């Protein structure tokens with residue numbers, strides 16, 4: 001193999017290596033490329049997710065406030081019920097005492 005054949009063979013090998021590298025680079029960029037529409041979709045979805053999280057937080061806050069209100073109403077109602085039951089018990093006891101005195105008078 002003379003000097004010219006060696007240079008020609010080396011040049012061909014280097015060109016083939018360059019072509020294979022360029023093709024591999026093209027393939028990588030072809031399959032990993034992000035389209036502008038994909039970015040727009042991701043932006044839209046992230047905005048919708050943010051809005052949904054805000055709505056969820058507002059709903060949780062509303063439910064916690066409503067639960068506190070209902071708990072307060074329940075406590076008040078139970079206190080009123082207890083007072084009414086005590087009053088009813090006192091009235092029944094007084095009615096029994098009056099009946100007993102009425103029977104003793106008769």
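Data for the structure
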quantity	calculated
Residue check for residue 40: modelled with pLDDT of 95 or more, surrounded by 10 or more Cβ atoms within 10 Å (Cβ to Cβ) and on the phi < 0 side of the Ramachandran plot	no
Index of the failed condition, residue 32 passing every other in (1) loosely packed, with under 10 Cβ neighbours inside 10 Å; (2) modelled with pLDDT of 95 or more	(2)
Qualifying residue in segment 30-42 (condition: assigned to a helix (DSSP H, G or I) and under 22 Å from the mean Cα position of the chain (by Cα))	yes
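The values are calculated or read from the model by the stated rules, or taken from the named source; none is laboratory data. Everything quoted here is computed from the prediction, not taken from an experiment. Glycine gets a Cβ as well: all are built from the backbone with ideal geometry, and neighbour counts include every protein chain shown.
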